Amino acid sequence: MKYLRGVRWLALGVIIAVGACSSDSTDPNGGNNGGNPTITLTLSASALSIVQGASGTLNATIGRAGGFTGAVTIEVTGAPTGMTATPAPATVGSGATSSTITVAPGASLTPGAYTLTVRASGTGVSAVTATFQVTVTAAITGGFTLSVTPTTASIQQGAQTTATVNITRTGGFTGSVDLAVSGGPGAGLTAAFNPASTTGNTSTLTLSAAGTLAAATYNLTITGTASGITQQAATFALTVTATTGGGGGNTVWSFCSDEVPGWFAYQDGTGAWTQVQPVNSTFTFPINSGKGGVAYMQDGTNLAILYGTQQELNGYGVQCGESMSTEPTKTVAGSVAGLQPTDNAYITLGGGTAIVSGLASPNFTLTGVRDGTFDLVASRSSVVISGQNVSTQLIGLIFRRALNPADGSTLPVLDFGSTEAVSPVTSNLTVNNIGTDMALVNVFYITANLGFASLYFESNQSASATRPYYGVPNASRVSGDLHVLNVLSLTTSATNYRSASIYFAEATDRTVTLGPQISGLTVSTVNSAPYARLRAQYTVQPEYDDLIIFAGGQQNSTFTIFASKAYVGASATYDFAIPDFTGVGGWVNSWAPQLGINTDWSFSATGYSMPGGLLTPFADGLLSQNAVTTGSITP
């Protein structure tokens, strides 16, 4: 029995020993976990790209298994001299799972690709490793700043405007700049850059206000972001005004009902162009900077742009043309007596005109006579031919002042053989500085009540410096009447001409001095797409410093730019181009001159001896000098 009991205990001891050997996975902390203790290492990125002198990070994540719960040490090896790779924390404690590795290549480290190794180790477990690559790029030198032109703009609800974002680069920086806008109202205002990311120096910002956007001033921030460079910013204030149908403001332009342009915009100062919608045939808009511009398109072919002071633009804005289509008109009949067969009689009254020939019926009908009080002027003349020169010989004049005949009425006979008719006076005109040009002379007479007569007309050019002209005798003049004497001098090629006009009350011997030919002018193209923006740069000549007109045309489009001295100020140069209307509400790029098409242009400069700019009044003693030059360009 004792023997059997000993065998039994021996067998039990063997079983226990075998059991102990089959579970030989010892927890380093004294446990018995039934598996091998291990750790794993995972990196958040396999590669980093870092600029010299900057830094980058990635995460090392630790996994534990087999009952291992101890601390893990993180080490990074393989970094070249000049680069640091620092884990934080360097020891991932029990219960923690990650460490952030910061890699910092020095500013002098040679750009290139470097492989670094991350090693994770712990007590009682096998160490594990993982690698990642660091690409070091050359440090970006220089930088940039942002600005916006203009810095403010005002538009109506439902309209849009544009501004130019200027990128000023420094220190050789040529990288791409990403643009963005913040600070807006959110819904109702959209902003778009063209381009939104650029290696160039400018981008066009288009801002569009919904019709429901609240009228207010929105202070926007434009930011520019580039890799490795501090973000830059500029501000832009956009004022959105309520739609009133006419725009609201201190400046008014009216058109005849059949001449209302299909597109109209204004510029306050040098701000953004803004479209205005008319109320009936009137456009109302604000010019709060003291000066500005107006642009409008008629018939889809004729673009007009005017720059002036607020007073000039407001005074120039009654654009109802000669048709006077909104005014009632009358028809008035009459007859002429006292003409010879070689004579003609010209009759004017309130915008109505008629011609009677001595060989035809003496009766005439004046149509389109405006309602109101006007002077009737009738002139009798004959044609004089002397060699190749053809001129008019004024024989007699009839003035009937302050008439307002009824519609359908008949005037008393205009009898040039009666005492009502007066003979003109003859005086001499001397024209200086003709040079090698040929000159034409015309003389008109304007009465105080808008009567009009042609007193002298030359159809052929002459090199003569002195010639006679006809005028109205003093006894027939009244206060406010003016003679207008025009001298037109053309070069032999007829590509350039000069003119001078003098306004005077009494017809006496007169002298007119022509100014010089245009000089100091350059015509070019500002840029290409989306359309040809023709440009004129003119160094001001003192004889022609009050007004410039730059015009041009292609087969299907014309443009005219007016600018006054008061708008330009003290500048010695006029510099005007067709504006970039891209993004302005309602504008169509095909309205402007197109690229690759020959464009004929003309440039006119005018000076007045009296102040007034665009609003210079006709007055006794006024001298107006003008010069024109022409050419062509293919933009």
Does residue 199 satisfy being open to solvent by 60 Å² or more (accessible area, probe 1.4 Å) and either within 19 Å of the chain's Cα centre (by Cα) or within 26 Å of residue 267 (Cα to Cα) (or both)?
no
In the stretch 439-460, how many are surrounded by fewer than 18 Cβ atoms within 10 Å (Cβ to Cβ), more than 25 Å from residue 336 (Cα to Cα) and of a type outside the set (Ser, Thr, Tyr)?
1
Look at the stretch 449-480 and say how many of its residues are closer than 25 Å to residue 493 by Cβ and either not polar (S, T, N, Q) or not in a strand (DSSP E or B) (or both).
9
Name the residues in the stretch 322-380 that are over 46 Å from the mean Cα position of the chain (by Cα), at pLDDT below 90 and in a strand (DSSP E or B), would you?
none
Do we find that residue 596 is open to solvent by 30 Å² or more (accessible area, probe 1.4 Å) and of a type in the set (Gly, Ala, Ser) in this structure?
yes
Residues that are over 29 Å from residue 494 (Cβ atoms), in contact (Cβ under 8 Å) with a residue 24 or more places away in the chain and not in a strand (DSSP E or B): does the stretch 391-405 have at least one?
yes
Taking the residues in the stretch 32-69 that are of a type in the set (Val, Ile, Thr) and open to solvent by less than 30 Å² (accessible area, probe 1.4 Å) as candidates, determine which candidate is farthest from residue 139 (Cα to Cα).
39
Selected residue (only one of 151, 168 is in contact (Cβ under 8 Å) with a residue 40 or more places away in the chain and either basic (Lys, Arg) or closer than 29 Å to residue 198 by Cβ (or both)):
151
Among (1) on the phi < 0 side of the Ramachandran plot; (2) in contact with a Ser or Thr (Cβ under 6 Å, 6 or more places away or on another chain); (3) not aromatic (Phe, Trp, Tyr), which single condition is residue 172 missing?
(1)
Looking only at residues in the stretch 426-436 that are crowded, with 17+ Cβ neighbours inside 10 Å and touching a Phe, Trp or Tyr at 6+ places or on another chain (Cβ under 8 Å), which one is farthest from residue 506 (Cα to Cα)?
429
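Residue-wise test of (1) among the hydroxyl-bearing types (Ser, Thr, Tyr); (2) modelled with pLDDT of 90 or more; (3) farther than 26 Å from residue 463 by Cβ.
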site	(1), (2), (3)
492	yes, no, no
501	yes, yes, no
507	no, yes, no
514	no, yes, no
Check on residue 508, more than 30 Å from residue 207 (Cβ to Cβ), of a type outside the set (D, E, K, R), open to solvent by 20 Å² or more (accessible area, probe 1.4 Å) and assigned to a loop (DSSP other than H, G, I, E, B):
yes
Whether any residue in the stretch 476-490 is at pLDDT below 90, open to solvent by 10 Å² or more (accessible area, probe 1.4 Å) and of a type outside the set (Gly, Ala, Ser) is what I want to check.
yes
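Conditions (1) surrounded by fewer than 20 Cβ atoms within 10 Å (Cβ to Cβ); (2) modelled with pLDDT of 90 or more, marked per residue:
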position	(1), (2)
205	no, yes
225	yes, yes
235	yes, yes
259	yes, no
283	no, no
299	yes, no
302	yes, yes
312	no, no
Could you look through the stretch 536-576, keep only residues that are within 13 Å of residue 592 (Cβ to Cβ) and under 16 Å from the mean Cα position of the chain (by Cα), and pick out the one that is most open to solvent (accessible area, probe 1.4 Å)?
560
Only one of (1) of a type outside the set (A, V, I, L, M, F, W, C); (2) out of contact with any helix residue (DSSP H, G or I) (no Cβ under 7 Å at 6 or more places or on another chain); (3) in contact (Cβ under 8 Å) with a residue 24 or more places away in the chain; (4) open to solvent by 30 Å² or more (accessible area, probe 1.4 Å) does not apply to residue 583, and that is (4)
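Results for (1) β-branched (Val, Ile, Thr); (2) at pLDDT 95 or above; (3) out of contact with any Gly (no Cβ under 8 Å at 6 or more places or on another chain), shown as yes or no for each residue.
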{"site": "51", "(1), (2), (3)": "yes, no, no"}
{"site": "65", "(1), (2), (3)": "no, no, no"}
{"site": "95", "(1), (2), (3)": "no, no, yes"}
{"site": "107", "(1), (2), (3)": "no, no, no"}
{"site": "115", "(1), (2), (3)": "yes, yes, no"}
{"site": "119", "(1), (2), (3)": "no, yes, yes"}
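The values are calculated or read from the model by the stated rules, or taken from the named source; none is laboratory data. For clarity, every value in this text was computed on a predicted model and none was experimentally measured. All Cβ positions, even for glycine, are placed from backbone atoms using ideal geometry, and neighbour counts span all protein chains on display. Side chains included, ligands, DNA and RNA excluded: accessible areas come from the protein's heavy atoms. Shrake-Rupley method; radii C 1.70, N 1.55, O 1.52, S 1.80 Å.
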